[in-house]
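Asks: Just dropping this structure here.
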Amino acid sequence: MFGTMVSIQEELPNYMLDYQERPEAKTENRWIDRLTLDGNWSGNLFDFYRRVYRKLTADLKVPFALEKGERRDNTPVHVALREALANVLVHADYSDRASVLVVKRPDMFGFRNPGLMRVPPGIAIRGGEHDCRNRTLHKMFRLVGVGEQVGSGIPKIYTGWAGQHWRAPALYELQEPYSQTLLELRMVDLLPPEILDSLRRTFGPPFDALDENERLTLATAVSERVVTHSRLREMTALHTLDATRLLQSLVQRGFLESHNPGRGAVYSLPGAGLPTPDEVFGSGTAPGDLRAVGPEDRNPLPSNSASSSSNLTSSSSNLDGGTSGQGAIDRRDADGCLIAPQLPLPLIDTLTHQEVVDGEFLVSFLRSSNTRFQIE
């Protein structure tokens with residue numbers, strides 16, 4: 001909390017703090033202002049908090065309001081940013097490999113800390129449950145008026161953002177390439193017109209036939225690079241089963257791709273892929289990055305990597321049942337191809353699961369040398 005960079009890193013070699021102000025709503029790692037461990041300041045958490053909080057709130061518009069005869073310079077957005085910054089510092093696992101990263105962009109604020117949450121995200125959002133990783137650090141922040149140690153920090157962040165009618169914050173965890181927790185606070189409307197226009201250009205008339213929740217899901221996949229089952233429920237209040245069916249339907253119709261089968265499934269636009277570690281915060285409102293998606297692009301196949309076939313598999317909840325010769329449960333990807341544990345690649349064993357059974361479907365798959373076919 002109050003030490004120096006050298007002494008802290010002797011005890012915690014992976015200790016790293018990084019603040020970046022980026023000029024555009026893009027994931028590229030270009031910055032116009034940065035505060036990191038460069039030896040020009042103490043490098044401790046208290047000084048990092050004080051310096052970064054001033055930078056985060058420097059451009060916020062503060063409406064004129066009086067409290068006990070004095071002007072009040074503290075809005076719900078200020079409170080949300082203060083809680084988010086304190087949370088990323090007191091909940092970080094400083095022995096892990098990821099750095100503490102705070103990003104300020106014209107369209108969003110992003111916070112990343114090493115380590116997974118000790119309270120499930122859904123419970124943390126509701127509040128009332130507190131399990132801090134670094135309790136002494138949290139107590140010190142509380143003594144200077146930051147945080148209450150009662151599990152109310154995350155609800156305050158969500159309340160502050162909801163008051164501005166901005167897109168709901170995104171709180172989620174990643175385990176690859178290392179454990180990390182991310183919080184994205186985007187200052188954008190739920191359905192920005194420019195993103196809707198890009199989606200219409202990409203998908204054509206079928207996009208206008210989607211319902212509101214489906215359009216919101218695709219808009220989120222653009223602005224946040226990926227969308228998950230929990231994120232969809234967070235934005236729409238859909239029941240778990242309804243959210244699963246919605247994502248299944250979008251994948252089957254070619255509007256989304258599924259990655260990382262199982263409970264950790266994430267979805268992206270066809271061909272967009274998953275963000276890299278350098279693109280930890282999604283590319284915001286940059287609809288110009290969307291490209292037209294033709295029939296052959298809806299579910300592009302990876303090349304030159306047998307292991308990458310897992311990127312095409314859907315969440316286990318999306319797959320048809322069945323049993324293989326060894327009694328294991330077989331799965332099918334978004335195109336109905338069989339995913340068997342004995343095979344490194346998807347297998348077309350029947351056309352009954354395919355929505356298109358004419359020559360166009362087979363040609364699109366034959367273009368890839370990474371797909372095996374079994375003709376009965």
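The values are calculated or read from the model by the stated rules, or taken from the named source; none is laboratory data. From a predicted model like this one, the values you see are computed outputs, not experimental measurements. All Cβ positions, even for glycine, are placed from backbone atoms using ideal geometry, and neighbour counts span all protein chains on display.
Asks: Out of the residues in region 231-247 that are modelled with pLDDT of 85 or more and hydroxyl-bearing (Ser, Thr, Tyr), state the one that is nearest to Thr27 (Cα to Cα).
Replies: Per the stated criteria, the residue is Thr244.
Asks: Restricting to region 38-66, give me the number of residues that are among the β-branched types (Val, Ile, Thr), at pLDDT below 95 and under 26 Å from Tyr94 (Cα atoms).
Replies: Step one: filter region 38-66 for residues among the β-branched types (Val, Ile, Thr), giving 52, 57, 62.
Now restrict to residues that are at pLDDT below 95: 57, 62.
Applying the additional criterion that residues be under 26 Å from Tyr94 (Cα atoms) yields 57.
Within region 38-66, residues that are among the β-branched types (Val, Ile, Thr), at pLDDT below 95 and under 26 Å from Tyr94 (Cα atoms) number 1.
Asks: Something else now. Return only the number of the condition from (1) at pLDDT below 90; (2) buried (at least 21 other Cβ atoms within 10 Å of the Cβ) that Gly264 does not satisfy.
Replies: Exception for Gly264: condition (2).
Asks: Still on this structure, please answer the following. Are any residues in region 146-176 at pLDDT below 80 and either outside any loop (DSSP other than H, G, I, E, B) or not hydrophobic (A, V, I, L, M, F, W, C) (or both), and if so, which ones?
Replies: Passing the criteria: Gly147, Glu148, Gln149, Gly151, Ser152, Gly153, Ala162, Gly163, Gln164, His165, Arg167, Glu176.
Asks: Which residues, taken from region 172-206, are more than 24 Å from Gly110 (Cβ to Cβ) and touching a residue at least 24 places away in the same chain (Cβ under 8 Å)? Steps first, answer last, please.
Replies: Initial filter on region 172-206 (more than 24 Å from Gly110 (Cβ to Cβ)): 197, 200-206.
Asp197, Arg201, Thr202, Phe203, Pro206, listed by residue number.
Asks: May I pose another question? (1) out of contact with any Ser or Thr (no Cβ under 7 Å at 6 or more places or on another chain); (2) under 21 Å from Met1 (Cα atoms); (3) modelled with pLDDT of 90 or more: which one isn't true of Arg97, the others all being true?
Replies: Unmet condition: (3).
Asks: Return the residues of region 253-274 that are in a strand (DSSP E or B) and closer than 24 Å to Asp208 by Cα; say none if nothing qualifies. Write out each step before concluding.
Replies: Restricting attention to region 253-274, the residues satisfying the condition of being in a strand (DSSP E or B) are 257-259, 266-268.
Selection gives Glu257, Ser258, Val266, Tyr267, Ser268.
Asks: Could you tell me which residue of region 24-40 is farthest from Val188 (Cα to Cα), considering only residues that are surrounded by 13 or more Cβ atoms within 10 Å (Cβ to Cβ) and either out of contact with any helix residue (DSSP H, G or I) (no Cβ under 6 Å at 6 or more places or on another chain) or among the aliphatic types (A, V, I, L, M) (or both)?
Replies: Once the filter is applied, the top-ranked residue is Leu37.
Asks: Give region 226-252 a look and list any residue that's of a type in the set (A, V, I, L, M) and in a helix (DSSP H, G or I), or say none.
Replies: Leu232, Met235, Leu241, Ala243, Leu246, Leu247, Leu250, Val251
Asks: Next question. Looking at (1) in a helix (DSSP H, G or I); (2) under 24 Å from the mean Cα position of the chain (by Cα), find the lone condition where Tyr15 falls short.
Replies: Failed condition: (1).
Asks: So, of the residues in region 18-56 that are without any contact (Cβ under 8 Å) to a residue 12 or more places away in the chain and either in contact with a strand residue (DSSP E or B) (Cβ under 7 Å, 6 or more places away or on another chain) or part of a strand (DSSP E or B) (or both), which turns out to be farthest from Phe111 (Cα to Cα)?
Replies: Ile32
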